[in-house]
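Comments concern the structure below.
The numbers here are math on the coordinates, done by the rules we state, and not lab data. Only a predicted model underlies this, so the values are computations on that prediction, with no experimental measurement involved. Neighbour counts run over all protein chains shown; Cβ positions are idealised from the backbone, glycine included.
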Amino acid sequence: MLYPSNPQADLHVHTVASGHAYSTIGEIAQEAARKGVRMVGMTDHGPGLPGGPHPYHFAALRFVPEYLYGVRVLRGIEANILGIGQLDLDDGLLERLDLVMAGFHEECGFDERGRDENTRALLALMEKPKVKVIAHPGNPNFPLDYRAVVEKSLATGTALEINNSSFCISRRGSAGNCREIIRLCAELGAPVTLGSDAHIAQGVGEFDDALLEVAAAGIRWEQVVNRTFESALAFLGLSG
Ligand SMILES: [Zn+2]
Ligand SMILES: [Zn+2]
């Protein structure tokens, strides 16, 4: 391992609230504590995904304590991109969250629009200060102008996620696109986050494939915004 440690924060985890994941936030936090992961982003899918939570889920996140089993729990969302600069939760609710991640997903009303329109929609969202992370930009079902996206990431400070599951479990055909994104991020020095995208507690903090790829491409440790508890807090503008 070329880096000093594993990332201390996992900013992409799903609970049973997503409708197709299998653990509670309590089970996830307990497993995170066992593995030495100090922060988890509870980023259930936005209401636009079939089977996803109602907007009330996001309004009620204030019931979740900031710390469970000593692990900082971020009240977050993996919001669905619906159009140019448009997400599937009201700005008022998004503003209350600790972590807003946005991504393209199938069956949410934004399918098959082509590379140029996908890129336009994403670049517009990256202009929003509340959107801190772009989830799995290497998804082959939503082609993008990767150089334009990485240049935008550098300009706005929006981190691009290197999604561990894209290399082993989800979104078949992602790996080549992810490598191209990683190469560009290394070249330009853009911020990245590593996420497990775990859909069960046992997957929290699993970054091995993504870590190997970013290290091999020469991503500097300082580019990884979730490398430590403190760097993740600073990146999100939160206090401990
Ligand atoms: Zn996703
Ligand atoms: Zn996800």
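For this structure, a couple of remarks:
- Packing-based exposure ordering (other Cβ within 10 Å, fewest first) of 178, 168: 168, 178
- Among beta bridges that DSSP assigns inside region 9-236, antiparallel share in %, nearest 5: 15
- Region 141-240 has equivalent-ellipsoid semi-axes of 19, 19, 12 Å, by the square roots of 5 times the alpha carbon gyration tensor eigenvalues, sorted largest first.
- Charge sum, other residues only, whose C-beta stays under 11 Å from residue 74's C-beta, Lys/Arg counted +1 and Asp/Glu -1: 0
- Both the radius of gyration and Dmax for region 1-134 are 15.5, 45 Å, in that order, over alpha-carbon atoms.
- Each peptide in 62-68, 150-156, 42-48, 120-126 was scored by the mean count of other Cβ atoms within 10 Å over its residues; highest first, the order is 42-48, 120-126, 150-156, 62-68.
- By average C-beta atoms within 10 angstrom, highest first, the peptides 133-141, 17-25: 133-141, 17-25
- Percent antiparallel among DSSP beta bridges (both partners in region 57-179, rounded to 5): 30
- Cβ charges +1 (Lys, Arg) and -1 (Asp, Glu), total dipole of the chain, debye: 440
- Descending semi-axes in Å of region 1-69, equivalent ellipsoid built from Cα gyration tensor: 25, 14, 11
- Principal axes of the chain: Cα extent on each, largest first, Å: 42, 41, 31
- Ranking 94, 235, 40 by how far each Cα lies toward the positive end of the dipole of the chain (charges on Cβ) leaves 235 at the top.
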